[in-house]
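Chemist: I have a structure I would like to understand better, so I am pasting it below and will then ask my questions one at a time.
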Amino acid sequence: MRSVLFIGTGVPWAGGAGYLVRQNMFLRALSEIALLEIALFDFPDRERVARPAFARQVTPLPPPGRRSVSTLGAFISDFFTFRPRMVRGYQMAGPRGVVRRLQPERFDAVFCFRIDFAHFAGVLGERHLLLDVDDPEHTRWRRQLQATLGTRGDFRTRYDLRKLARFEKAAVRRAKAAFVCQSLDRETFSQTPLVVPNCVQVPPTCPPRRASRPRIVFIGDFSVRRSPNVDALEWFVGQIWPAISQAVPECELHVIGRIGESAARQIAAAPKALAVGYVEDLGAALCAASLSVAPIRFGTGTRIKILDSFAHGCPVVSTPIGCEGIPVTDGKDILLARTPAEFVEACVALLRDEGLGERLGTAGYELVSARFDEAKQRRRLTETLAGLLGAARAQVPAADVSLTSNALREEG
């Protein structure tokens with residue numbers, strides 16, 4: 001049986017956040033065709049959920065340390081180094097030393113989640129690397145600048161984004177294979193990655209609604225500053241939630257997922273808003289909600305929070321970019337809103353009209369069951385990965401795969 005070294009982050013089998021669900025989807029598929037050894041950044045000393053059989057071998061990876069850099073040093077680095085800010089200024093001896101001891105070359109393939117983790121682990125030069133890009137960071141950062149500042153950024157930022165794009169394109173070009181969540185995310189790459197859509201576990205029938213009081217849920221990882229979820233929470237709590245709360249005073253807002261200090265302060269200041277944090281049974285939380293929101297203003301990939309909501313028949317209100325990559329129809333299986341006023345109108349309509357919520361929830365369930373059910377899609381993913389593992393040992397000259405400064409400069 002073939003062997004794979006999987007490098008990722010967190011506890012993928014815990015589920016909940018999108019980055020965990022996606023990793024777990026690949027892990028479950030790989031476990032059917034290969035023996036796995038798993039190395040994870042941000043792996044806790046004690047897990048909250050039982051470890052699956054495929055995760056017997058887990059090696060925690062220490063986080064890369066940050067070097068202290070002066071303002072002048074950062075300014076000079078922006079113009080005279082080829083690496084983008086996202087991967088610059090880190091001390092990577094710790095995680096790279098652990099990965100070297102695992103001997104990546106002895107595996108039939110190295111699978112890594114995200115380009116930055118592959119860089120920190122030192123495996124971008126592995127000739128048998130299977131790389132899940134997940135979200136192209138240079139696209140996300142461009143969108144963030146436009147959404148939050150209405151600009152493309154100053155000269156230094158624009159220059160750094162060009163370096164980041166070159167870095168990501170080089171990583172994809174030199175991997176044995178690369179993956180993205182949706183077709184729009186692969187258009188920026190000259191060597192086209194494979195599209196592997198995010199999928200979720202879908203119940204065999206649409207779960208019944210059990211909302212006993214008006215409640216809105218917002219699911220995500222709110223622990224990372226300047227992330228799409230934290231920005232969306234600030235936008236929703238500051239410009240949308242007060243009007244909803246005024247129109248439907250008995251309504252509650254439940255924020256589910258990892259919550260950082262900044263997000264916790266925003267939630268605490270909002271009326272009838274509760275920082276729920278991690279929940280053992282996300283399905284039960286969705287069945288008890290009146291609706292789920294995805295007020296995302298920038299980002300890439302596909303939102304697992306929407307897929308999970310659909311899977312449990314929970315109606316969704318989202319921005320157009322929030323549901324990007326999911327073939328939804330406004331008014332049929334989702335309500336779309338571009339402005340705070342439109343968001344308030346859509347949420348209030350669902351809170352007051354149970355029939356509308358039932359229709360949207362049923363249509364959303366049918367869509368995700370047909371297109372994004374992990375059980376139905378896993379065979380296709382497993383076959384794809386099996387084919388790639390069979391070819392992963394093909395010999396490629398080492399000079400063609402190393403991510404050197406010259407290689408990065410050749411990208412642009």
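The values are calculated or read from the model by the stated rules, or taken from the named source; none is laboratory data. Just so we're clear, the structure is a prediction, and the values are computed from it rather than from any experiment. No Cβ is skipped: glycine too gets one built from the backbone with ideal geometry, and neighbour counts run over all protein chains shown.
Chemist: Only one of PRO214, PRO197 is surrounded by 18 or more Cβ atoms within 10 Å (Cβ to Cβ), touching a residue at least 40 places away in the same chain (Cβ under 8 Å) and within 30 Å of ALA177 (Cβ to Cβ). Can you tell me which?
Modeler: Result of the check over PRO214, PRO197: PRO197.
Chemist: Can you find a residue in region 257-270 that is touching a residue at least 40 places away in the same chain (Cβ under 8 Å), within 17 Å of LEU351 (Cβ to Cβ) and either assigned to a helix (DSSP H, G or I) or outside the structural domain of ILE334 (by TED's automatic domain parsing) (or both)?
Modeler: no
Chemist: Here is a list: LEU360, LEU389, LEU350, LEU385. Which entry is over 20 Å from ARG303 (Cβ atoms) and at pLDDT 95 or above?
Modeler: LEU385 is the lone residue from the list that is over 20 Å from ARG303 (Cβ atoms) and at pLDDT 95 or above.
Chemist: Which one of ARG174, ARG156 is closer than 30 Å to PHE75 by Cα, surrounded by 20 or more Cβ atoms within 10 Å (Cβ to Cβ) and over 18 Å from the mean Cα position of the chain (by Cα)?
Modeler: It is ARG174.
Chemist: OK, next. Which residue pairs have Cβ atoms under 6 Å apart, sit 6 or more places apart or on different chains, and have a first residue in region 285-299 that is not assigned by TED's automatic domain parsing to the domain that holds ARG142 and a second that is among the small types (Gly, Ala, Ser) and part of a helix (DSSP H, G or I)?
Modeler: LEU286/SER309; SER292/SER309; PRO295/ALA232; ILE296/ALA232; ARG297/ALA147; PHE298/ALA147
Chemist: Taking strands (runs of 3 or more DSSP E) that do not extend beyond region 1-95, which have at least 2 residues that are under 30 Å from PHE218 (Cβ atoms)?
Modeler: 2-9, 34-41
Chemist: Which of the following residues is among the β-branched types (Val, Ile, Thr), in contact with a Ser or Thr (Cβ under 8 Å, 6 or more places away or on another chain), buried (at least 20 other Cβ atoms within 10 Å of the Cβ) and assigned by TED's automatic domain parsing to the domain that holds GLU137: ILE38, ILE33, ILE7?
Modeler: ILE38
Chemist: Among the numbered conditions (1) buried (at least 17 other Cβ atoms within 10 Å of the Cβ); (2) among the hydroxyl-bearing types (Ser, Thr, Tyr); (3) at pLDDT below 95, tell me where SER245 comes up short.
Modeler: Looking at each condition in turn, SER245 falls short on (3).
Chemist: Let me ask something else. Please go through (1) touching a helix residue (DSSP H, G or I) at 6+ places or on another chain (Cβ under 6 Å); (2) part of a loop (DSSP other than H, G, I, E, B); (3) crowded, with 21+ Cβ neighbours inside 10 Å; (4) in contact (Cβ under 8 Å) with a residue 60 or more places away in the chain for CYS323 and return the number of the only condition it doesn't satisfy.
Modeler: It fails just one condition, (4).
Chemist: Testing LEU291 on (1) surrounded by fewer than 21 Cβ atoms within 10 Å (Cβ to Cβ); (2) under 20 Å from GLY364 (Cβ atoms); (3) touching a helix residue (DSSP H, G or I) at 6+ places or on another chain (Cβ under 6 Å), one condition comes back false. Which one is that?
Modeler: (1)
Chemist: Picking from ALA175, ALA165, which residue would you name as being outside the structural domain of ILE240 (by TED's automatic domain parsing), aliphatic (A, V, I, L, M), farther than 29 Å from GLY277 by Cα and in contact with a helix residue (DSSP H, G or I) (Cβ under 7 Å, 6 or more places away or on another chain)?
Modeler: On inspection, the qualifying residue turns out to be ALA165.
Chemist: Regarding ARG210, is this residue outside the structural domain of ALA121 (by TED's automatic domain parsing), more than 14 Å from GLY301 (Cα to Cα) and charged (D, E, K, R)?
Modeler: Answer is yes for this residue.
Chemist: Any residue in region 149-172 that's at positive phi: show its pairings with residues that are part of a helix (DSSP H, G or I) and buried (at least 17 other Cβ atoms within 10 Å of the Cβ) at Cβ separation under 9 Å, as long as the two are six or more apart or on different chains.
Modeler: Filtered contacts from region 149-172: GLY153/TRP141; GLY153/ARG142; GLY153/LEU145; GLY153/ASP160; GLY153/LEU161.
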